[in-house]
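Take a look at the structure below.
The values are calculated or read from the model by the stated rules, or taken from the named source; none is laboratory data. Here the structure is a predicted model, which is why all the values come from computation and not from measurement. In this analysis, Cβ positions are derived from the backbone assuming ideal geometry, glycine residues included, and neighbour counts consider all displayed protein chains. Just the protein is used for accessible areas: all its heavy atoms, side chains included, with ligands, DNA and RNA removed. Shrake-Rupley method; radii C 1.70, N 1.55, O 1.52, S 1.80 Å.
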Amino acid sequence: MAQVTLDRVRKTYPNGFEAVQPCSVEIPDGELVVLVGPSGCGKSTLLRMIAGLEDITDGALSIGTDVVNDKDPADRNIAMVFQNYALYPHMSVAKNMGYGLKNRGASKAEIDAKVQEAARILNLGDYLDRRPSQLSGGQRQRVAMGRAIVRDPELFLFDEPLSNLDAKLRNQMRIEIRALQQRLGVTSVYVTHDQVEAMTMADRIIVLNAGRVEQIGTPTEIYERPASTFVAGFMGAPPMNLMTAALVSGQLQVGGETKLPLTPPAVATDEVLVGYRPEDVRLGGDGSVVLDVQIIEELGANRLLHGQLGGQAFSISIGKDEQAQVGPQPITLPQDRVHFFHPERGTRL
Amino acid sequence: MTDMTQASIATPARPRRSKRFRWSQVFDHAILCTGAFFMVFPVFLVLMTTSFEDADIVRNGLQFGFEGQMLENFEAAMFEAAGFSKAITGTRMLMNSLILGFGFAIGKIVISMMAAYAIVYFRLRFATFAFWIIFTTLLLPLEVRILPSYEAIQSLGLANTYSGLIIPLIASATGTFFFRQFFRSIPEELVEAARIDGAGPIKFFIDILVPLSRTMIAAIFIIMFVYGWNQYLWPTLITTDEGMFTLVRGIKQIVQVLSQTGAMIPEYGKALALSLIAMIPPVLIVIFFQSWFVKGLTESDK
């Protein structure tokens with residue numbers, strides 16, 4: 001068990017491309033941190049730097065109390081679960097799990113005991129003699145987990161471990177991984193591009209965009225107080241509505257005519273970005289704000305109404321018991337749920 | 001091997017149009033039988049001819065009949081000392097050939113695997129350049145560099161040794177190329193997982209890469225063994241000592257030596273028996289490794 005500290009860790013490739021801009025974060029012992037972001041945002045690079053598979057251009061990385069920048073992956077006392085599992089195809093499940101221990105010179109009895117223990121935790125007892133090719137996707141995923149836990153590492157690294165599974169299995173494995181991590185209490189870094197995984201599994205989330213840290217916070221903080229329009233748009237499905245509103249004599253206006261009954265933030269710009277989560281907007285109201293509903297999406301548990309507000313795309317989510325039709329509908333925009341962002345920089349106001 | 005693939009293509013039944021299916025099957029089998037006949041017939045003819053006496057063969061050529069000499073001819077071919085110095089028997093030649101075949105194939109596989117490993121997995125400055133240099137040696141087969149090769153081996157004192165016979169032949173651009181392509185198809189994550197599991201370069205090679213390559217190894221082994229077995233020019237040059245003769249070149253030597261039994265007739269019966277013996281090991285290798293080959297292809301996934 002150990003805490004992990006990144007101090008201005010940076011990655012620049014030889015061709016000059018800056019994959020990860022200086023990133024500082026402290027991960028306390030036992031915490032599961034999720035790195036989330038779109039493809040190419042540098043989240044995998046950051047993880048691979050922690051693993052030691054990628055050189056760190058600048059900055060210091062410590063696991064426990066030691067700076068491990070120049071240590072080999074094998075000497076960092078970490079374990080990694082890969083997206084495609086990376087099981088050794090020619091070895092049995094038991095050998096796959098025990099290989100790391102064997103290389104560290106553990107005795108046969110010790111390897112056996114640890115593999116048995118891991119297999120018991122992961123319900124793999126009946127499969128120890130099988131080859132990876134004889135297992136289903138979920139079972140392979142478990143073997144990859146088993147390979148990580150037999151070593152008692154100080155740090156787990158997960159590189160999009162669930163993206164090769166189907167949706168149902170993904171939900172199930174998500175819960176299993178989280179439960180296992182909490183039970184073992186091992187510090188973990190988990191990379192995903194799936195914001196649902198990030199929200200549900202993380203103690204804390206690091207949102208990355210184009211190699212830059214956009215926001216670090218608990219899932220609730222990230223969701224309730226996104227630090228930028230990027231975070232607001234990335235976390236949450238459907239994403240937050242973002243409208244450009246003009247500030248005309250202390251009044252917010254959308255599309256030239258619709259006045260928004262909101263107190264604007266104190267800024268020097270003549271425009272602001274107004275953000276609303278679809279579920280924070282209520283149907284019905286005094287008619288001052290009208291949503292022109294064009295499409296209704298039925299999701300079972302709720303309905304999504306997509307339409308236009310003052311000429312800009314706007315979506316709201318309503319409960320399954322509420323009625324809705326296509327056409328103009330009055331809506332209410334609560335003042336306490338609004339998010340304001342800077343129109344150019346995209347930062348929270 | 002060709003016969004097998006054709007047969008397996010022909011088997012799947014198309015139940016609804018049974019009549020047409022049957023005709024096509026007859027046709028396929030006719031082709032197969034004709035091909036098999038053309039291949040087996042000469043071998044059979046040679047086998048039958050070995051049952052005749054040398055004098056008979058000289059008079060009447062190859063023949064289908066059966067006389068009582070077959071066992072004697074094979075025995076003479078295998079165990080009777082032959083050549084000018086009487087230093088070589090069929091068994092000795094067979095052993096020499098086996099040493100050459102195995103040494104050649106195993107040497108080529110070891111060398112080309114290690115070369116490919118270095119080229120693919122290590123950040124060498126000139127890895128690609130080195131690979132293309134190795135690849136261009138395809139343009140320089142033994143026949144082109146035969147004088148310098150001979151000179152080098154001779155001056156190293158390796159003439160008439162197994163090392164001299166094998167070592168100049170084991171550098172293999174083809175093998176390096178095939179292993180390079182194969183290694184490049186192995187997912188990067190496997191390498192990384194092994195690194196995290198604490199496997200150094202040598203352990204990774206032996207524990208992961210070699211077992212994963214067993215299909216490739218079997219395939220290249222078949223090709224290279226037969227290639228080495230059939231070497232003629234290099235053994236002819238480098239071995240002057242009759243005790244070092246391989247089967248392939250020894251057969252010719254025996255035909256040149258005249259029969260001792262009365263008339264001065266070449267020992268055709270013995271030579272034919274030897275050429276049959278020379279066919280057996282490559283056939284066995286192919287049959288043995290073929291099952292491995294198929295097993296490796298169907299079971300392994302990267």
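Could you say whether any residue in the stretch B:83-99 is aromatic (F, W, Y) and either outside the structural domain of B:T50 (by TED's automatic domain parsing) or in a helix (DSSP H, G or I) (or both)? First the steps, then the outcome.
First, the residues of the stretch B:83-99 that are aromatic (F, W, Y): B:84.
Keeping just the survivors that are either outside the structural domain of B:T50 (by TED's automatic domain parsing) or in a helix (DSSP H, G or I) (or both) gives none.
Within the stretch B:83-99 (the criterion being aromatic (F, W, Y) and either outside the structural domain of B:T50 (by TED's automatic domain parsing) or in a helix (DSSP H, G or I) (or both)), the answer is no, since none of the residues qualifies.
Just one of (1) touching a residue at least 60 places away in the same chain (Cβ under 8 Å); (2) closer than 23 Å to B:S185 by Cβ; (3) assigned to a loop (DSSP other than H, G, I, E, B) trips up B:M113, so point out which.
Among (1) touching a residue at least 60 places away in the same chain (Cβ under 8 Å); (2) closer than 23 Å to B:S185 by Cβ; (3) assigned to a loop (DSSP other than H, G, I, E, B), the lone unmet condition for B:M113 is (3).
Looking at this structure, is A:I295 over 20 Å from A:S39 (Cα atoms) and at pLDDT 90 or above? So that I can check it myself, show each step before the final result.
Values: over 20 Å from A:S39 (Cα atoms): yes; at pLDDT 90 or above: yes.
The answer is yes for A:I295.
Answer yes or no as to whether A:E197 is of a type in the set (D, E, K, R), open to solvent by less than 40 Å² (accessible area, probe 1.4 Å) and not in a helix (DSSP H, G or I). Spell out the reasoning first.
Working: of a type in the set (D, E, K, R): yes; open to solvent by less than 40 Å² (accessible area, probe 1.4 Å): yes; not in a helix (DSSP H, G or I): no.
So A:E197 fails the test.
Please note which helices (runs of 4 or more DSSP H) are completely contained in the stretch A:105-191 and include at least 1 residues that are at pLDDT 90 or above and not assigned by TED's automatic domain parsing to the domain that holds A:Y85.
Numbers: elements: A:108-121, A:137-149, A:167-184.
Output list is empty.
How many residues are within 7 Å of chain B (Cβ to nearest Cβ) and buried (at least 21 other Cβ atoms within 10 Å of the Cβ) when one looks only at the stretch A:91-103? Lay out the reasoning, then the answer.
Going through the stretch A:91-103, the residues within 7 Å of chain B (Cβ to nearest Cβ) turn out to be A:99-100, A:103.
Still in the running and buried (at least 21 other Cβ atoms within 10 Å of the Cβ): A:99-100.
Summing the residues that are within 7 Å of chain B (Cβ to nearest Cβ) and buried (at least 21 other Cβ atoms within 10 Å of the Cβ) in the stretch A:91-103 gives 2.
Can you spot a residue in the stretch A:80-91 that is closer than 22 Å to B:V191 by Cβ and not in a loop (DSSP other than H, G, I, E, B)? Explain how you work it out, then say what you get.
If we filter the stretch A:80-91 for residues that are closer than 22 Å to B:V191 by Cβ, which is where we start, we get A:80-91.
Adding the requirement that they be not in a loop (DSSP other than H, G, I, E, B) leaves A:80-81.
So far as the stretch A:80-91 goes, yes, one or more of its residues are closer than 22 Å to B:V191 by Cβ and not in a loop (DSSP other than H, G, I, E, B).
Results for (1) under 24 Å from B:T240 (Cβ atoms); (2) open to solvent by 70 Å² or more (accessible area, probe 1.4 Å), shown as yes or no for each residue.
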residue: B:Y121; (1), (2): no, no
residue: B:F126; (1), (2): no, yes
residue: B:L139; (1), (2): no, yes
residue: B:E143; (1), (2): yes, yes
residue: B:A152; (1), (2): yes, no
residue: B:I170; (1), (2): yes, no
residue: B:F178; (1), (2): no, yes
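If I filter the stretch A:117-128 for residues that are surrounded by 16 or more Cβ atoms within 10 Å (Cβ to Cβ), under 29 Å from the mean Cα position of the chain (by Cα) and within 12 Å of another protein chain (Cβ to nearest Cβ), do I get at least one hit?
no
Picking from B:S24, B:S18, B:S8, which residue would you name as being of a type in the set (G, A, S) and modelled with pLDDT of 80 or more? Give the derivation first.
Values: B:S18 fails: modelled with pLDDT of 80 or more; B:S8 fails: modelled with pLDDT of 80 or more.
Only one candidate passes the filter, namely B:S24.
From (1) in a strand (DSSP E or B); (2) open to solvent by less than 40 Å² (accessible area, probe 1.4 Å), pick out the condition that doesn't hold for A:I222.
A:I222 satisfies every listed condition except (1).
Filter the stretch A:139-180 down to residues that are of a type in the set (G, A, S) and surrounded by 22 or more Cβ atoms within 10 Å (Cβ to Cβ) and give me whichever is farthest from B:R195 (Cα to Cα).
Step by step, filter the stretch A:139-180, then rank; the result is A:G146.
Based on this model, can you work out whether B:F79 counts as modelled with pLDDT under 80, open to solvent by 70 Å² or more (accessible area, probe 1.4 Å) and under 28 Å from B:F245 (Cβ atoms)? Before the answer, list the steps.
Values: modelled with pLDDT under 80: no; open to solvent by 70 Å² or more (accessible area, probe 1.4 Å): yes; under 28 Å from B:F245 (Cβ atoms): yes.
Answer is no for this residue.
For residues that are free of Cβ contacts under 8 Å to residues at least 40 places away in the same chain and aliphatic (A, V, I, L, M), tally how many sit in the stretch A:246-264.
Residues in the stretch A:246-264 being free of Cβ contacts under 8 Å to residues at least 40 places away in the same chain and aliphatic (A, V, I, L, M): 4 in total.
Can you spot a residue in the stretch A:54-69 that is crowded, with 17+ Cβ neighbours inside 10 Å, of a type outside the set (A, V, I, L, M), more than 15 Å from B:D197 (Cβ to Cβ) and within 14 Å of another protein chain (Cβ to nearest Cβ)?
yes
Could you list all residues from the stretch A:278-334 that are closer than 14 Å to A:P261 by Cα, open to solvent by less than 20 Å² (accessible area, probe 1.4 Å) and β-branched (V, I, T)?
A:V281, A:V289, A:I331
Quick one: would you say B:F104 is in contact with a helix residue (DSSP H, G or I) (Cβ under 9 Å, 6 or more places away or on another chain), within 30 Å of B:M216 (Cα to Cα) and at pLDDT 90 or above?
Values: in contact with a helix residue (DSSP H, G or I) (Cβ under 9 Å, 6 or more places away or on another chain): yes; within 30 Å of B:M216 (Cα to Cα): yes; at pLDDT 90 or above: yes.
When the stated conditions are applied, B:F104 passes them.
Out of the residues in the stretch A:265-277 that are part of a loop (DSSP other than H, G, I, E, B) and in contact (Cβ under 8 Å) with a residue 24 or more places away in the chain, which is surrounded by the most Cβ atoms within 10 Å (Cβ to Cβ)? So that I can check it myself, show each step before the final result.
Initially, the stretch A:265-277 is screened for residues part of a loop (DSSP other than H, G, I, E, B), giving A:265-270, A:277.
Subset that is in contact (Cβ under 8 Å) with a residue 24 or more places away in the chain: A:265, A:267, A:269-270, A:277.
Values: A:P265: 16, A:V267: 13, A:T269: 13, A:D270: 9, A:R277: 21.
The selected residue is A:R277.
Check whether at least one residue in the stretch A:16-23 is surrounded by 18 or more Cβ atoms within 10 Å (Cβ to Cβ), in contact with a Ser or Thr (Cβ under 6 Å, 6 or more places away or on another chain), of a type in the set (A, V, I, L, M, F, W, C) and touching a residue at least 24 places away in the same chain (Cβ under 8 Å), and report yes or no.
Step one: of the stretch A:16-23, the residues surrounded by 18 or more Cβ atoms within 10 Å (Cβ to Cβ) are A:19-20, A:23.
From the residues that got through so far, the ones that are in contact with a Ser or Thr (Cβ under 6 Å, 6 or more places away or on another chain) too are A:19-20.
Filter once more, keeping what is of a type in the set (A, V, I, L, M, F, W, C): A:19-20.
With touching a residue at least 24 places away in the same chain (Cβ under 8 Å) added as a condition, the list becomes A:19-20.
Yes, the stretch A:16-23 contains a residue that is surrounded by 18 or more Cβ atoms within 10 Å (Cβ to Cβ), in contact with a Ser or Thr (Cβ under 6 Å, 6 or more places away or on another chain), of a type in the set (A, V, I, L, M, F, W, C) and touching a residue at least 24 places away in the same chain (Cβ under 8 Å).
Every residue in the stretch A:299-313 that is of a type in the set (A, V, I, L, M, F, W, C) and either in contact with a strand residue (DSSP E or B) (Cβ under 7 Å, 6 or more places away or on another chain) or not assigned by TED's automatic domain parsing to the domain that holds A:L242 (or both), please.
Here is the first cut: in the stretch A:299-313, the ones of a type in the set (A, V, I, L, M, F, W, C) are A:299, A:301, A:304-305, A:309, A:313.
If the condition is that a residue be of a type in the set (A, V, I, L, M, F, W, C) and either in contact with a strand residue (DSSP E or B) (Cβ under 7 Å, 6 or more places away or on another chain) or not assigned by TED's automatic domain parsing to the domain that holds A:L242 (or both), then A:L304, A:L305, A:L309 are the ones that fit.
Could you give every pair whose Cβ atoms fall below 7 Å, whose first residue belongs to the stretch B:178-206 and is more than 7 Å from every other protein chain (Cβ to nearest Cβ), and whose second residue is open to solvent by 70 Å² or more (accessible area, probe 1.4 Å), counting only separations of at least 6 or pairs across chains?
Between residues of the stretch B:178-206 that are more than 7 Å from every other protein chain (Cβ to nearest Cβ) and residues that are open to solvent by 70 Å² or more (accessible area, probe 1.4 Å), the close pairs are B:S185/B:K302; B:I186/B:K302.
In the stretch B:88-101, which residue that is crowded, with 24+ Cβ neighbours inside 10 Å and at pLDDT below 90 is nearest to B:R214 (Cα to Cα)?
Going through the stretch B:88-101, the residues crowded, with 24+ Cβ neighbours inside 10 Å turn out to be B:90, B:93, B:97, B:100-101.
Those still in the list that are at pLDDT below 90 too: B:90, B:93.
Values: B:G90: 33, B:M93: 30 Å.
Per the stated criteria, the residue is B:M93.
Counting just the residues of the stretch B:278-302 that are within 30 Å of B:P187 (Cβ to Cβ) and open to solvent by 90 Å² or more (accessible area, probe 1.4 Å), which one comes out modelled with the lowest pLDDT? First the steps, then the outcome.
Restricting attention to the stretch B:278-302, the residues satisfying the condition of being within 30 Å of B:P187 (Cβ to Cβ) are B:289-302.
Okay, now just the ones that are also open to solvent by 90 Å² or more (accessible area, probe 1.4 Å), so B:292, B:295, B:297-299, B:302.
Numbers: B:W292: 72, B:K295: 63, B:L297: 55, B:T298: 58, B:E299: 53, B:K302: 43.
Across the stretch B:278-302, the extreme among qualifying residues is B:K302.
Look through A:A74, A:A113, A:A106 and report the one residue that is of a type in the set (A, V, I, L, M), without any contact (Cβ under 8 Å) to a residue 24 or more places away in the chain, open to solvent by 20 Å² or more (accessible area, probe 1.4 Å) and within 14 Å of chain B (Cβ to nearest Cβ). Lay out the reasoning, then the answer.
Numbers: A:A74 fails: without any contact (Cβ under 8 Å) to a residue 24 or more places away in the chain; A:A113 fails: within 14 Å of chain B (Cβ to nearest Cβ).
Unique residue meeting the criteria: A:A106.
Are any residues in the stretch A:37-53 more than 12 Å from chain B (Cβ to nearest Cβ) and surrounded by fewer than 22 Cβ atoms within 10 Å (Cβ to Cβ), and if so, which ones? Steps first, please.
Taking the stretch A:37-53 and keeping what is more than 12 Å from chain B (Cβ to nearest Cβ), we get A:37-43, A:45-46, A:49.
Once the filter is applied, which keeps residues that are more than 12 Å from chain B (Cβ to nearest Cβ) and surrounded by fewer than 22 Cβ atoms within 10 Å (Cβ to Cβ), the stretch A:37-53 yields A:P38, A:S39, A:G40, A:T45.
What are the residues in the stretch B:50-65 that are more than 26 Å from the chain's Cα centre (by Cα) and surrounded by 13 or more Cβ atoms within 10 Å (Cβ to Cβ), if any? Write out each step before concluding.
Of the stretch B:50-65, the ones more than 26 Å from the chain's Cα centre (by Cα) are B:51-65.
Answer for the stretch B:50-65, where residues must be more than 26 Å from the chain's Cα centre (by Cα) and surrounded by 13 or more Cβ atoms within 10 Å (Cβ to Cβ): B:S51, B:F52, B:E53, B:D54, B:A55, B:D56, B:I57, B:V58, B:L62, B:Q63.
Are any residues in the stretch B:201-215 open to solvent by 30 Å² or more (accessible area, probe 1.4 Å) and more than 21 Å from the chain's Cα centre (by Cα), and if so, which ones?
Taking the stretch B:201-215 first, the residues open to solvent by 30 Å² or more (accessible area, probe 1.4 Å) are B:201-203, B:205-207, B:210-211, B:214.
If the condition is that a residue be open to solvent by 30 Å² or more (accessible area, probe 1.4 Å) and more than 21 Å from the chain's Cα centre (by Cα), then B:P201, B:I202, B:K203, B:F205, B:I206, B:D207, B:V210, B:P211 are the ones that fit.
Of all residues in the stretch A:181-194 being surrounded by fewer than 21 Cβ atoms within 10 Å (Cβ to Cβ) and in contact with a strand residue (DSSP E or B) (Cβ under 9 Å, 6 or more places away or on another chain), which is nearest to A:N77 (Cα to Cα)? Walk me through how you get there before you give the answer.
Narrowing the stretch A:181-194 to residues surrounded by fewer than 21 Cβ atoms within 10 Å (Cβ to Cβ): A:182-185, A:193-194.
Cutting the leftovers down to in contact with a strand residue (DSSP E or B) (Cβ under 9 Å, 6 or more places away or on another chain) gives us A:182, A:184, A:193-194.
Values: A:Q182: 19, A:L184: 15, A:H193: 26, A:D194: 27 Å.
Only one residue fits best here, namely A:L184.
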